[in-house]
Structures are given as C-alpha cells and as structure tokens.
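Only the coordinates and a few stated rules stand behind these numbers; no lab work does. Every value quoted in this text rests on a predicted model; they were computed, and no experiment measured them. Here the Cβ positions follow ideal geometry from the backbone for every residue, glycine too, while neighbour counts run over all protein chains shown.
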Amino acid sequence: MAGQHGMNDAAPSALPQARLLWLGDCALTLEFGSVADPGIHARVLGFAQALEARAAAGQISGVVEWVPTLRSVTVYFDPERIDGETLAADLEVLARGSGSLAVAGVRWRLPVCFEPGFAPDLEELAAAKALSVQQVIQLMTQTVFHVYMLGFQPGFGFMGGLPEVLEMPRLASPRRQVPAGSLAVAQRLCAVYPWNSPGGWRLLGRTPVPLFDATDTERPALLAPGDQVLWCAVDRARFDALQASYAAGAFDRASLRAAPAAEEILR
C-alpha cells in the first residue's frame, strides 16, 4: 500500500465493535460502520494490517484472502482447513484490538474541464440544489477528496468528501456508455471513469489525465487508498493540450503531485 502508516490516538477499546456477517460457508465480513467515513475507513485499514501481520506470522492458516472496502473487510477461507465458527470468534477479537490506521498517500492536483460537452449532468444537479453551475464548480474545486479504495474498474478510485449539499442518488437508468476520464458523483462519493464503460453516476466534467497506465509498472493506477485529490478547473483549450501531451507520451503525471510545479503546469 502506498504512503506512510501511523496509528491514530483512539484506543482500540474505545472504538465501536465491528459487526460480523456470514457470506455463505466460506466467507465472513467484518463491518466497521454504515457510511463511507475517514474514521471508519481507518478502522478498515487497521484491521487489514492486523490480518497481514497474522498472515506473515503464519497464524491464519486456512484463510485464502481478504478484501477491504469502504467500510468493511471480507475474509475468504477454506472450510476444509479451518472451522468457520472458530475463525469468526478469532476475527471478532482481532477487530476489537486492531485499532485504526492512517495512511499518508499522495496529494494530487488534477485538471478537470467542466464545459457543457463534458458535463451532461452539471446543470441538472445545480438546479436540483438551487445553486449556480459556478457554485457547484467552486465546491468541487475547493474540496479535498480522500481516496478510500479502488474497484469496479482498474484505476477507479472511490473518493469520499463530496460536500453534503451536492449529494445526489445515482441515475435511475445508467448510461450505456460513459467516456473515459469522466468526473462523476453519486451519494457522497466522487470518482473518475478510467475507461469507456456503462455507468450510473452523474457526470460533472472530464479530466485529460489517464487514471490507469499499464506501461507504468511501478504504479499503473494513478490513485491509491490514502491519496487525496484536489480538482483544478481548466478550459477546453488547456484540456485538449494536456490530452495531446499525454497521448504523445510527453507529460509526466508525477508533476501533478500537489507542489508548485503541479500548480504551474495547470495554469
């Protein structure tokens, strides 16, 4: 996992107890909360790290893998190698003592174009919230989004922190085709579609930055859990120039890390 790790100040005994759910006869879910929240996600990461430590010590024989999500961790096991009830009791104890984990990832400043051709749902969302389009753009570009996890597609980062005033449900009928690079929101989450695909989130803009690059063997997905994203509005001319630069292989995406160089390149 990218970034530096550190425990927060909350004592494990002071944290709410995780909820254990059975998923058939070979998987268990530990649910740490009911909403996407930095504190809840920190508990997810703390529990996942505790599992990693157990695995490294050879103490969870029979566990196949575990999958962290926004607010839970699902543990898959082989029922022929370990008793499910015994594992469930062990995991509950582990969850009570695993605490929370803070991950210091990369802070990115990423360009996004909010012009109408890239933002089919922007005006509708603004009208539904009694805001101007510019006010919506201002809220999006003044918010620091936190990357909770990757999923759905390679490089698709689920980002929390969307201002409550912009909260909207998914579309009743998903689009059959969402263009790659589309900046989208749903509920209290924000994301970018890395690939052309169907999708039901509301589209507010588009970024020229590829969110997944298979040629980058060290970090093919731009975003990682623990990263932060700040959106920077650019016009269509700047969008086209950046997109052409990426297509020609002439742009280093590392320059978009939040630093003076990143801010300069987006002007």
### Message
What does the C-alpha gyration tensor say about the overall shape of the range 4-103? Classify as rounded when a/c is under 1.5, otherwise prolate if a/b is larger than b/c, or oblate.
### Response
prolate
### Summary
Nearest 10, in degrees from 0 to 90: the angle of helix 84-97 to the longest Cα principal axis of the chain is 60 degrees
## Note on the structure
Given unit charges at Cβ for Lys, Arg (+) and Asp, Glu (-), the dipole magnitude of the chain about its Cα centre in debye, nearest 20, is 640 debye
### Task
May I ask you to evaluate 6.51 cos²θ - 1.76 cosθ + 1.60, the Karplus curve with θ = phi - 60°, for each residue of the range 113-128 and list the ³J(HN,Hα) values in order in whole Hz, giving x for glycine and proline?
9, 9, 5, x, x, 9, 9, x, 10, 5, 5, 5, 5, 4, 5, 5
### Task
Kindly write out, for the range 205-217 in residue order, the coupling ³J(HN,Hα) from the Karplus curve 6.51 cos²θ - 1.76 cosθ + 1.60 (θ = phi - 60°), rounded to whole Hz, with x marking Gly and Pro.
x, 8, 10, x, 7, x, 8, 8, 9, 5, 6, 8, 5
#### Entry: Identified option (computed P(r) over Cα pairs in 10 Å bins from 0, in percent; candidates (i) 7, 32, 40, 19, 2; (ii) 6, 27, 34, 24, 8, 0; (iii) 7, 27, 30, 22, 12, 3, 0)
(iii)
### Summary
In degrees, nearest 10, the alpha-carbon axis of helix 38-56 is tilted away from the dominant principal axis of the alpha carbons of the chain by 50 degrees
### Summary
Each label sits 7 Å from Cα toward the beta-carbon; between Ala89 and Val67 the label points are separated, in nm, by 2.8 nm
### Query
What value, in deg cm²/dmol to 500, does the helix sum -39500 (n - 2.57) over DSSP H runs of n ≥ 4 give at 222 nm once divided by the residues of the chain?
-8000 deg cm²/dmol
### Query
In degrees from 0 to 90, rounded to the nearest 10, what is the angle of the helix 236-247 Cα long axis to the longest principal axis of the chain?
60 degrees
### Task
Please list the non-local residues whose amide H lies under 5 Å from the amide H of Val64, H modeled 1.01 Å from N, same-chain partners needing a gap of 5 or more.
Tyr76, Phe77, Asp78
### Spacing of the two label points (7 Å from each Cα toward its C-beta) at Phe152 and Asn196, in nm
1.9 nm
## Note on the structure
Placing +1 on each Lys and Arg Cβ and -1 on each Asp and Glu Cβ in the chain, then taking the dipole about the Cα centre, the residue among Gly117, Phe156, Gly226 whose Cα reaches farthest towards the positive end is Gly117
### Summary
Spelling it out for Leu162: with amide H atoms placed in the peptide plane at 1.01 Å from N, the residues 5 or more places away or on another chain with amide H under 5 Å from its amide H are Cys190
### Summary
Residues whose built amide H sits under 5 Å from the amide H of Ala102, excluding neighbours closer than 5 in sequence, are Gly6, Met7, Asn8
### Query
At a Förster distance of 30 Å, what's the computed FRET efficiency of Arg253 paired with Ser132, Cβ-Cβ distance as r, to 0.05?
0.40
### Query
If each of Leu23 and Glu218 carries a label point 7 Å out from its Cα toward its Cβ, how far apart are those two points in nm?
3.3 nm
### Query
Gap in Å between the Cα centre of the range 145-180 and the Cα centre of the range 19-95?
25 Å
